[in-house]
Amino acid sequence: MEDQEKYMTEDLLPGYFSGEISEEDRHEVDGWRDLSAENKKLFGEMSAIWETREILSQMEEFSAKEALKKLNSRLFVDHKRAMFRQRLQRIAAILLFPVLIYAGVVTFNRPGKSDAVPGPVIRQKIKTTTGTIAELSLPDSTRVWLNHGTTLEYPMVFGKNREVKLSGEAYFEVKEDKTHPFIVYTGVIGIEVLGTSFNATNYPDEDQSSVVLTEGSVQLIAGKAEDRRVVASLKPNQKATFNRVSRKLSVNTVYAGEYTAWKDGILMFADDPMEEVAGKLSRWFNVDIELRTNELYNYVYKATFKDESLIQVLDLLKLSAPIEYSVKPGEPLPNGGYSKQKVIIRRR
Amino acid sequence: MEEKYLILGLKSNDKIVFDYIFNHYYSGLCTYSLRYIPDKAVVEDLVQDLFVSLWIRSGQLTIDTSLRSYLFISAKNRCLDYLKHNKVREKFNLRSLANPEEPDDTNYNRYVELELRAAFQAALEKLPPRCREIFELSRFGGLKNQEIAEKLTISRRTTENQISLAMKLLRTELKDFLPAWLLIYLLR
């Protein structure tokens, strides 16, 4: 056959390189290669071409596009300049007020005696996502700052009582109005004031809700509206904590400034246990945090951060406690977005 | 883009230039790193770290050689560092650094995917049609020589003859992409 006539040993090379060759043919190639410098050169070049082919296939398995998406999130966490940009974004977030506002008509179960307009009450629901702080005024001119991941519900028009519902953390500067008590519902415990400033925390994913009073006085109440009863009163610089699991209420003295710093963009830990530190960091920087050991729960932290990046904060924590951490960048999601970055904290 | 503009852009933290360089070199740097660490996930991490540090330390960047050599040498150093620190040398030694007599591949051109692909494409176009078809089945179709023979109902010998012919033609067309050690190897 024609093929047979044209047969040359070098035709065995593709089989030789791909491994599809008999022992006998392999020996033939080896012998042929050592026969002359020319053969040796051809063999070398052919093997290099074969390798180049393999390199091209290998390169095709790495996607620069995907990798760049992943990298971008890291560039803007690790880099100082990027930090500045991130800060700008945060400021912009506050200025632009990118909160979700729901207005809905609900039938409001009002107490019999009410001086408000009868009929359904339109309720507003304001939500901040993690990484956003919002500031707003309520219909009675009360000012409210919403911390990350917070929802506040209030009626467009207040009734006899100024009632709002909080999930998350908020700082209130309540406009004084002795005839219309201002009540914040945080699950079981309500906070009733006439005109004062206080910080309330009620994150659904935490075991406890708390109130810290800055000035004036507040009363903690149980039960709704007309049926409510006072269970405790707070003086400035006192903190009340209600544990949802043990259903116990405790009051202790604190420095209120430590609990309200967040509204001025300051991240503060005031002898916080690691668990709480992790919760604050995860909301502040919008990341997931995983504690890999229970031992860390006993460590308490005291620190103040203003413009530090997540990495800077973690590095500083590392100095004061036997921890080490690693950061997993966010993964691209099918919807084109990114999952959160994940920080894993272990004992060193 | 001209090299000096790339370096300049990199130094001034130009994200467009950064992205361009990343897209141009990423797959090649990963593949090159596989020579040292045959683990795709590890080399991807190392190469990404390299680019993060390139971005962060762009101000202090000094590139005496070409940007290309700089990137590949940095990647290699990171691989060697990784092997040293992670004491995984034994685990990977099977293939990486397995051939200490083979000098480093300093012709980085072959690890620039876009350039190599373009050169390959141009070279393939010069092949006789049948020869090209068979070679592409082997190269792009990932088929074994025997499988190609069956598919085209020709003998395996004919298949190998055609692939061999293709490779012979390609070696002159792709001489800029052949490994630097080839010369040394041939002189031995």
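Return a yes/no flag: does segment A:166-177 have any residue that is touching a Gly at 6+ places or on another chain (Cβ under 7 Å), farther than 25 Å from residue A:254 by Cα and open to solvent by 10 Å² or more (accessible area, probe 1.4 Å).
Yes, that holds for at least one residue.
Out of B:10, B:29, which single residue is facing chain A (nearest Cβ under 9 Å) and open to solvent by less than 10 Å² (accessible area, probe 1.4 Å)?
Within the list B:10, B:29, the selection yields B:29.
Assuming residue A:30 fulfils every condition listed in (1) under 52 Å from the mean Cα position of the chain (by Cα); (2) more than 30 Å from residue B:16 (Cα to Cα) apart from one, which condition is it?
(1)
When you scan segment A:247-348 for helices (runs of 4 or more DSSP H) that lie fully inside it, which ones turn up with 3 or more residues that are among the charged types (D, E, K, R)?
The qualifying helices (runs of 4 or more DSSP H) are A:274-285.
Of all residues in segment B:137-175, how many are over 18 Å from residue A:11 (Cα atoms) and modelled with pLDDT under 85?
Within segment B:137-175, residues that are over 18 Å from residue A:11 (Cα atoms) and modelled with pLDDT under 85 number 4.
Could you list, in sequence order, all residues of segment B:34-60 that are small (Gly, Ala, Ser) and more than 10 Å from every other protein chain (Cβ to nearest Cβ)?
Result: B:41, single match.
The values are calculated or read from the model by the stated rules, or taken from the named source; none is laboratory data. A quick note: this is a predicted structure, and the numbers were derived from the prediction, not measured. Neighbour counts run over all protein chains shown; Cβ positions are idealised from the backbone, glycine included. Note: areas computed on protein heavy atoms with side chains; ligands, DNA, RNA excluded. Shrake-Rupley method; radii C 1.70, N 1.55, O 1.52, S 1.80 Å.
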